[in-house]
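The values are calculated or read from the model by the stated rules, or taken from the named source; none is laboratory data. Here the structure is a predicted model, which means the values were calculated and not measured. Heads up, the Cβs are rebuilt from the backbone with ideal geometry, glycines too, and the neighbour counts pull from every protein chain shown. To get the accessible areas, we keep the full protein, side chains included, count just its heavy atoms, and leave off ligands, DNA and RNA. Shrake-Rupley method; radii C 1.70, N 1.55, O 1.52, S 1.80 Å.
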Amino acid sequence: MEDRQTVFVTGFPGYLASALLPGILEAREPNETVTCLVQPAYESLALQKVRAFPAADAARVRVLTGDITSADVGLGERVAAVRRSCVEVFHLAAVYDLAVSEKLATAVNVDGTRNVLRLASDTGRLRRFHHISTCYVSGRFDGLFLEEDLDRGQPFGNHYEETKFRSEQLVRKAAEAGLPTTIYRPSIVGGDSRTGAAEKLDGPFHFIRWLRAQPRVAIMPRFARSESTFVNIVPSDFVVRSIAYLSRLGHSNGKTYQLCDPDPLVLQDFVRALAEATDRRVLSIRCPRKAARLLVRAASRIHPRLDIPSEAVDYLDHPTRYSARNTTEDLAGTGIKCPPVTSYLGAMADFEREHPETRSAAMH
């Protein structure tokens, strides 16, 4: 397998990387393989997922243990063979945790990206470096954030946002130096649009659990801009299908795609949709964002199943709107569209009710 061309994937067996892998295999030549860099703690799970693939696909996947926070991404002597064979990189590994410490977020999201970029740059024949970022590199920018935008002098609400911003800066710098790159920025990722399923219950699931933990008449914070603040949610299958398709396009080189809902709900309408999905009557109580954070933190201590980081409140009072011009133009005619959140929020609520054991913890 070392003598064949390989696509190097980080972040497996995480949810998005696992869902994307079949599409990567399908779109590449039959003689090309996929090499997945996996943390040692998740090697067994990774091998289990690979064995579940059709035999022909499983034979094209190699699992290597490593660590992107190491200069050689933890491959040691194996790194030279990977560099010789690597023709494409999908970099999904990151800490997806709103409450992550600055030290861990920097090590994984910034230093890890730098190390994977170094590996990609040393191959000498890379077709593309695909970097999965987030819309929230925008931080708390007040206004319309374009796909071409990055540094608008924005403040950040947490270390996750800031370190993803810094990692994207590294990718853009590498692109300026000649590395072929494409950047994908999902907004808040929800469950599957058909089944509501998710591997970890974060994002909009936090608010579903918040309402479910209360009686039929439930309290939800309301902020000064509830009528003009948008809550931008996309289903996981839209994100996966979009990346799988856009990554095949020759003209996607050099582009950034914001994988967001082009018609998101304002906060008031989102809360109404949540109430319907969870069979609750919601009382919206006006309060400052900092007070709402304290309320969520206290409630999570009393009710451990809530498992909600207080930072999640910020996304109910988020000042940024997102343009998706590149995404809309390049997906036109494919049938790949972001469905309205109201069409699958009920399925997500059903999934949450049927899987109370599923937690929101990120893979570290």
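Observations
- Separation of alpha-carbon centers, the stretch 90-117 and the stretch 1-77, rounded to whole Å: 19 Å
- Restricting the stretch 1-72 to GluC sites (Glu not before Pro) in coil, as DSSP defines it, with at most 15 other Cβ within 10 Å: Glu2
- Spacing of the two label points (7 Å from each Cα toward its C-beta) at Asn253 and Ala224, in nm: 4.8 nm
- Surface calculation, 1.4 Å probe, protein heavy atoms: Ile219 sits at approximately 80 Å² accessible.
- Kirkwood hydrodynamic radius of the stretch 184-333, from inverse mean 1/r over distinct Cα pairs, in Å: 16.7 Å
- At full extension, His303 and Val217 could sit 29.2 nm farther apart than now, given 0.36 nm per residue minus the alpha carbon distance.
- For the chain: rounded, prolate or oblate by the Cα gyration tensor [a/c cutoff 1.5]: prolate
- Whole-number D in µm² s⁻¹ for the stretch 108-160, Kirkwood Cα-pair radius fed into Stokes-Einstein, 10 °C, 1.306 mPa s: 120 µm²/s
- Partner lysines whose Cα lies under 21 Å from the Cα of Lys255, excluding those fewer than 8 positions away in the same chain, are identified as Lys164, Lys173, Lys337.
- Inter-part distance where the stretch 163-178 and the stretch 286-362 are each reduced to a Cα centre, Å: 27 Å
- Whole-percent carbon and sulfur share, accessible surface of the chain, 1.4 Å: 52 percent
- Label positions at Asp279 and Glu29, each projected 7 Å from the Cα along the C-beta direction, are separated by 5.7 nm.
- Förster radius 35 Å - calculated FRET efficiency between Thr334 and Leu47, Cβ distance, rounded to 0.05: 0.60
- Volume of the Cα convex hull of the stretch 123-207, divided per residue and given in Å³: 147 Å³
- The equivalent ellipsoid that matches the C-alpha gyration tensor of the stretch 266-364 spans semi-axes of 28, 19, 16 angstrom, in descending order.
- Area of Asp67 that stays accessible when all protein chains are in place (1.4 Å probe, Å², to 10): 60 Å²
- Length added when fully stretched, Ala291-Lys103, from 0.36 nm per residue minus Cα-Cα: 65.0 nm
- Folded to 0 to 90 degrees: helix 267-278 orientation relative to the chain principal axis, Cα: 90 degrees
- Accessible surface computed residue by residue for the chain, with neighbouring protein chains in place and a 1.4 Å probe, gives 43 Å² per residue.
- With respect to the chain, whose longest principal axis is taken over its alpha-carbon atoms, helix 159-176 is tilted by about 40°.
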